[in-house]
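Chemist: One structure, pasted below without further comment.
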Amino acid sequence: MYKMTKYLTLENLGWVILTIVSLMLGMGAVSKIVGTQEMVSNFEFMKLSDYRVLVGIGELVGVGLLLFPRTSAFGAILISCFMSGAVMAHLSLMGGQGVFSPIMVGLLAWVGHSLREYSSPLRPYYDPQNVL
């Protein structure tokens, strides 16, 4: 039983969540960059076709930053910004239809980051008396 509990930690749960978020966002970002018919039609409907590739590259950068522990907070911030823009686009142009997915992806990015970074007993926490 000890071997099982060694792997069932909050930090590992954070890695699992971040992997799922990264796969979801990575596939969407690649389809924006490549220009699949669905993404092209979605961005044409929103009259944002000029920004489709830029949004895809930004999402890929956010995924890359999210996966590395040192830059994970920056990745979560970048992903939150893109997902907030997606929520606003869904609310203003589509009447709120499909707004749940970007909200959940943005929240899961922060949950995964927080579980991975702040639940490990090996990571030192900020100690104001131990500053250089």
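Here, each number is a calculation from the coordinates, and none is a lab measurement. All of these numbers come straight from a predicted model, not from anything done at the bench.
Chemist: Would you compute, from DSSP H runs of 4+ residues alone, the mean residue ellipticity of the chain at 222 nm, taking -39500 (n - 2.57) per run and dividing by the full residue count, rounded to the nearest 500? If you can, show how the numbers build up before the last one.
Modeler: On the way: 6 runs with 97 residues, N = 132.
The per-residue figure over the chain is -24500 deg cm²/dmol.
Chemist: Only helices at least 18 Å long along their axis, Cα-based, and averaging 0.5 or more on Kyte-Doolittle count here, so list those DSSP H runs from the chain.
Modeler: Going by DSSP H runs, the hits are 10-34, 52-67, 72-93, 100-118.
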